[in-house]
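Chemist: Okay, here's the structure, questions in a sec.
The values are calculated or read from the model by the stated rules, or taken from the named source; none is laboratory data. Owing to the predicted nature of the structure, the values given are computational and were not obtained by experimental measurement. FYI the Cβ positions are ideal-geometry reconstructions off the backbone, even for glycines, and counts take in every protein chain you see. The accessibility values were calculated without ligands, DNA or RNA, using every heavy atom of the protein model including side chains. Shrake-Rupley method; radii C 1.70, N 1.55, O 1.52, S 1.80 Å.
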Amino acid sequence: MRTPVMAGNWKMYKNPAETRTFFEAFLPLVQNTADREIVICPPFVNLPAAVGAAQNSRVEIGAQNLYWAREGAYTGEISGPMIHAVGAKWVIIGHSERRQYFGETDETVYRRTVAALEAGLKPIVCVGENLGQRESGATESVLGDQFAGGITPLTADQFAQIVIAYEPVWAIGTGKTATPDMANDAHRFLRSQAAKFGQSAAAAVRILYGGSVKADNAKILMGQSEIDGALVGGASLDPKSFAAIVNF
Ligand code: PEP
């Protein structure tokens, strides 16, 4: 039985005061939801406010990125131990916006994932094809390459601690959602790749779907056999809409 993970990615939205306001409204709406993990990933500067606001709740906090060195002369970067020290427990790695705008590659995804695990953080490792790749029938080869470069080099022990997010780039922030069947097929393919770590590891890994998840499509997506949760961007910014997704 895979416990669902419902994760919100706030991207570059909200300041600390807005973060506290969000949690005041959000926490009462999810306080009776016991059978899933709930994660919110605000911008770095809001991590302390989010950790403080979520104290005494089941909601856990994550960062949206990390650098792989523990510390050093890397102006503008934030390390895993720093994220861990402020009380965050999760980190998103290799989001398509990081790949598209900030030059992240499968190799840097791997390095960040190892660094996250060494810092005691739970990585949500993102993969996904763009529209051209989907339309040319290359989805599985793209996902296979991303898996091979970013995830396969992990040890079995490391793999057992990660969560994967399948996020078709064409569905992120566009209002277009992969159909439940399309998403389920991609998840099944990713799970087949995970068999490199053994059948039981593949059966256990949680694969989240991300891409325009909203309150009105969360239930059908979450009803698919291979979908173990959601990574939600835009709709996680509003407490009511994210609570409706969490409570699908
Ligand atoms: C995301 O940022 O990971 C995402 C899936 O965004 P949205 O839900 O807005 O498509």
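Chemist: In the set T174, T152, which member is among the polar types (S, T, N, Q) and free of Cβ contacts under 8 Å to residues at least 40 places away in the same chain? Walk me through it before giving the result.
Modeler: Working: T152 fails: free of Cβ contacts under 8 Å to residues at least 40 places away in the same chain.
Testing whether each residue is among the polar types (S, T, N, Q) and free of Cβ contacts under 8 Å to residues at least 40 places away in the same chain leaves just T174.
Chemist: Which members of segment 23-39 meet the condition of being touching a strand residue (DSSP E or B) at 6+ places or on another chain (Cβ under 7 Å) and either open to solvent by 70 Å² or more (accessible area, probe 1.4 Å) or acidic (D, E) (or both)?
Modeler: If the condition is that a residue be touching a strand residue (DSSP E or B) at 6+ places or on another chain (Cβ under 7 Å) and either open to solvent by 70 Å² or more (accessible area, probe 1.4 Å) or acidic (D, E) (or both), then E37 is the only one that fits.
Chemist: Criterion first (of a type in the set (A, V, I, L, M), within 12 Å of I164 (Cβ to Cβ), modelled with pLDDT of 95 or more and surrounded by fewer than 18 Cβ atoms within 10 Å (Cβ to Cβ)) does A194 satisfy it?
Modeler: Considered against the rule, which asks whether it is of a type in the set (A, V, I, L, M), within 12 Å of I164 (Cβ to Cβ), modelled with pLDDT of 95 or more and surrounded by fewer than 18 Cβ atoms within 10 Å (Cβ to Cβ), A194 comes out as no.
Chemist: Kindly list, by first and then second residue, each pair from a residue in segment 121-134 that is under 17 Å from M6 (Cα atoms) and assigned to a loop (DSSP other than H, G, I, E, B) to a residue that is charged (D, E, K, R) and at pLDDT 95 or above, limited to pairs with Cβ atoms under 7 Å and residues at least 6 apart or on different chains.
Modeler: L121/K89
Chemist: Further question on the same structure: Based on what the data block shows, is S241 within 11 Å of the ligand (Cβ to nearest atom) and over 16 Å from I172 (Cα atoms)?
Modeler: Here the answer is yes, as S241 does meet what is asked.
Chemist: Here is a further query. I'd like to know if segment 80-93 contains one or more residues that are among the β-branched types (V, I, T), farther than 16 Å from I162 by Cα and within 18 Å of the chain's Cα centre (by Cα).
Modeler: yes
Chemist: Here is a further query. Yes or no: E97 under 24 Å from M6 (Cβ atoms), at pLDDT 95 or above and within 16 Å of the ligand (Cβ to nearest atom)?
Modeler: The answer is yes for E97.
Chemist: A further question on this structure: For the structure I just gave you, tell me whether I220 is away from the ligand (no atom under 12 Å from the Cβ) and either among the polar types (S, T, N, Q) or open to solvent by 60 Å² or more (accessible area, probe 1.4 Å) (or both). Even if it seems obvious, please write down each step before you answer.
Modeler: Working: away from the ligand (no atom under 12 Å from the Cβ): yes; either among the polar types (S, T, N, Q) or open to solvent by 60 Å² or more (accessible area, probe 1.4 Å) (or both): yes.
It is true that I220 is away from the ligand (no atom under 12 Å from the Cβ) and either among the polar types (S, T, N, Q) or open to solvent by 60 Å² or more (accessible area, probe 1.4 Å) (or both).
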